[in-house]
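The values are calculated or read from the model by the stated rules, or taken from the named source; none is laboratory data. Since the structure is predicted, the reported quantities are computational estimates derived from the model, not experimental observations. Here the Cβ positions follow ideal geometry from the backbone for every residue, glycine too, while neighbour counts run over all protein chains shown.
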Amino acid sequence: MWPPRANFDEFVDAMCGRAPADVRDPLVSYFANVLGRGLHESHGALMVVARTDKIPSFLNDGIALDPMIRFSDLVRQARGEIDAQEAEQKLLANAALLKGMIRSDGITVFSELGNLLGYNCFIKSSRAAENVSGGARTRAYNSLVEKVGRGLTAVFSRSQDGMTKFAKG
C-alpha cells in the first residue's frame, strides 16, 4: 500500500519538473499546500501534466485559460523586493481559484513548468477504458494513462474515498 501522499508528491514534482531552478522548490511547496488542501476538500479530482504549454487536442472539450496562469512568475515576484506584496496577493487569489477548479468536474491541466493551462476538460473514453469497472473518473483516468508519452507526462486521480492513482512517462 502506498503512503497517503506518495502519488500526490510525485505528481507535484512532475508539474514542476521543468520549472526554473530559482523557483522550483517554493513552487513545489506552493502546489503541495494548495492542491493538497483542495484535494482534501474535494469529491475527487483528475489532474494531468501536458508536455507543452498547450492543452492537448484530445482534451479539447474544456476551458482553456488565455492567458495561462504562470505560477513560477508569481512565485519569483513574491520572493523579490519589487511588487512582492502584489504577487503574494495574486498567489493567494489563485490558490482559491485553483482549489475551485480541481473541485469542478473534469480534468485540470498543468504544464511541466507549473503553468495552469485549463480546467473542466474531458476526454472521450478509449475502448480499453470502457471495459474497466468503475465510474466515469476511472474510465477517464485509464484513457489518460494511454496518452502518457503522447501529449501528457503525468496523470493523477483521487477518488472520493481518497484512493489515488498516478502514472508518469
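Numbers at a glance
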{"item": "Residue that is modelled with the lowest pLDDT [pool: residues in the stretch 39-59 that are surrounded by fewer than 16 Cβ atoms within 10 Å (Cβ to Cβ) and either among the charged types (D, E, K, R) or in contact with a Phe, Trp or Tyr (Cβ under 9 Å, 6 or more places away or on another chain) (or both)]", "result": "41"}
{"item": "Index of the failed condition, residue 162 passing every other in (1) at pLDDT below 90; (2) under 14 Å from the mean Cα position of the chain (by Cα)", "result": "(2)"}
{"item": "Condition check for residue 125: over 12 Å from the mean Cα position of the chain (by Cα), without any contact (Cβ under 8 Å) to a residue 40 or more places away in the chain and not in a loop (DSSP other than H, G, I, E, B)", "result": "no"}
{"item": "Count of residues meeting criterion [in contact with a helix residue (DSSP H, G or I) (Cβ under 9 Å, 6 or more places away or on another chain) and touching a residue at least 24 places away in the same chain (Cβ under 8 Å)] in the stretch 136-161", "result": "14"}
{"item": "Residue within the stretch 143-157 that is assigned to a strand (DSSP E or B) and surrounded by fewer than 19 Cβ atoms within 10 Å (Cβ to Cβ) present", "result": "yes"}
{"item": "Output for the stretch 14-25, where each listed residue is out of contact with any Asp or Glu (no Cβ under 6 Å at 6 or more places or on another chain) and buried (at least 16 other Cβ atoms within 10 Å of the Cβ)", "result": "14, 15, 16, 19, 23, 24"}
